[in-house]
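Only one structure is covered here, and it is reproduced in the block below.
The values are calculated or read from the model by the stated rules, or taken from the named source; none is laboratory data. Every value quoted in this text rests on a predicted model; they were computed, and no experiment measured them. FYI the Cβ positions are ideal-geometry reconstructions off the backbone, even for glycines, and counts take in every protein chain you see.
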There are 2 protein chains.
Amino acid sequence: MREPADILREHGLSITAQRIAVLRAVSHRPHSTADALTEEVRTEIGAVSKQAVYNALGILADKGVIRRIQPAGSPALYEDRAGDNHHHLICRTCGKTVDVDCATGETPCLTASNDAGFRIDEAEVIYWGTCPQCLAAAARG
Amino acid sequence: MREPADILREHGLSITAQRIAVLRAVSHRPHSTADALTEEVRTEIGAVSKQAVYNALGILADKGVIRRIQPAGSPALYEDRAGDNHHHLICRTCGKTVDVDCATGETPCLTASNDAGFRIDEAEVIYWGTCPQCLAAAARG
DNA sequence: CCACTTTCTTGACTCGGTCCACTTTTTCGG
DNA sequence: CCGAAAAAGTGGACCGAGTCAAGAAAGTGG
């Protein structure tokens, strides 16, 4: 990821320590919750309000700089890989989340079998399963 | 859907007025929130506690009788079409939710391009877009 | 450097959902 | 049928994630 300040400038956003730290945190720890990112930001700049973090995450997600994913039964996660509409694979046991590219190409799966007249702009895909570690743990008993 | 009481019996669940009414409500109004279903159940049997509804929805979803979907930014929705792993198409503007069958077959999309060693058991797909009505409304301006 | 806009802070609050202690129903063996 | 024992339901407190709102503190542009 490029310099956080540049990214903010390019999107016409004011440049603040909080936003820069949030961007760094997302980039450094993708697939983290707002809470975890707040922690990370605090270790970097000392203090932030939870609101500032939500604010930054919200506007950055709006601008398409970062991406928000909201898996069922979990708080929202944020990642800096945005704009390529890749998908996610989540472990039901430990919650580990990994990126997956879609087999069908660049802007994948954007065609439903029957679109019912909708204009579709995004296909969100989450694969649920069990990660290798948890599989091994289960096998051991 | 078959007789609610039979369904409950088949899954070894006690037969209660609340559960029957919940099943009927889900069947009658698919893609509803727990709250809306509680309303529906109340008109049918007079009163239920919110807990009883959550309880019934939870256990029925566990048994695979109904399916729970949790779109980003919305409370969970429930539907009685379960077990065929179909997908959903949701309007960003009005929230209308419709079912879509997957183009690729019976148990669709269960293969990620790179499974990272996970054992995948479900592929959850949500198409986001704008429904015909909202498109028309936007065009009128 | 100053006015003005944007952002941050703090703290209350909402919403969806869960927990818990207790009462009511169901179920099932006699 | 009847009467435990088990399963569900009730009501109310509670929780976590996220939002709202008002005032304080930057950032921005002339």
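I'd like the full set of residues that are under 19 Å from B:TYR127 (Cβ atoms) and within 8 Å of DNA strand C (Cβ to nearest atom), limited to region B:28-67. Spell out the reasoning first.
Residues of region B:28-67 under 19 Å from B:TYR127 (Cβ atoms): B:30-31, B:67.
Selection gives nothing.
What do you reckon, is A:ARG67 surrounded by 19 or more Cβ atoms within 10 Å (Cβ to Cβ), touching a strand residue (DSSP E or B) at 6+ places or on another chain (Cβ under 9 Å) and either of a type in the set (D, E, K, R) or at pLDDT below 95 (or both)? Judged against the criteria, A:ARG67 is a match.
Determine whether region A:1-9 contains at least one residue that is surrounded by 15 or more Cβ atoms within 10 Å (Cβ to Cβ) and either touching a Cys at 6+ places or on another chain (Cβ under 7 Å) or closer than 30 Å to B:VAL125 by Cβ (or both). For region A:1-9, residues surrounded by 15 or more Cβ atoms within 10 Å (Cβ to Cβ) and either touching a Cys at 6+ places or on another chain (Cβ under 7 Å) or closer than 30 Å to B:VAL125 by Cβ (or both): absent.
Filter region A:78-88 down to the residues that are within 17 Å of A:ARG19 (Cα to Cα) and either at the interface with another protein chain (Cβ under 9 Å from one of its Cβ atoms) or in a strand (DSSP E or B) (or both), then identify the one that is farthest from DNA strand D (Cβ to nearest atom). Step by step, filter region A:78-88, then rank; the result is A:GLU79. Looking across region B:58-73 at every residue that is part of a helix (DSSP H, G or I) and more than 10 Å from DNA strand D (Cβ to nearest atom), the one that is farthest from the other protein chains (Cβ to nearest Cβ) is identified as B:LEU60.
For (1) within 14 Å of chain B (Cβ to nearest Cβ); (2) assigned to a helix (DSSP H, G or I); (3) more than 11 Å from DNA strand D (Cβ to nearest atom); (4) surrounded by 18 or more Cβ atoms within 10 Å (Cβ to Cβ), each residue gets a yes or a no:
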residue: A:LEU13; (1), (2), (3), (4): no, no, no, no
residue: A:ILE20; (1), (2), (3), (4): no, yes, no, yes
residue: A:VAL26; (1), (2), (3), (4): no, yes, yes, yes
residue: A:ALA36; (1), (2), (3), (4): no, yes, no, no
residue: A:GLU39; (1), (2), (3), (4): no, yes, yes, no
residue: A:ARG42; (1), (2), (3), (4): no, yes, yes, no
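When A:ARG9 is tested against the conditions (1) within 30 Å of B:GLY58 (Cα to Cα); (2) within 14 Å of DNA strand C (Cβ to nearest atom); (3) away from chain B (no Cβ under 14 Å), the lone failure is (1).
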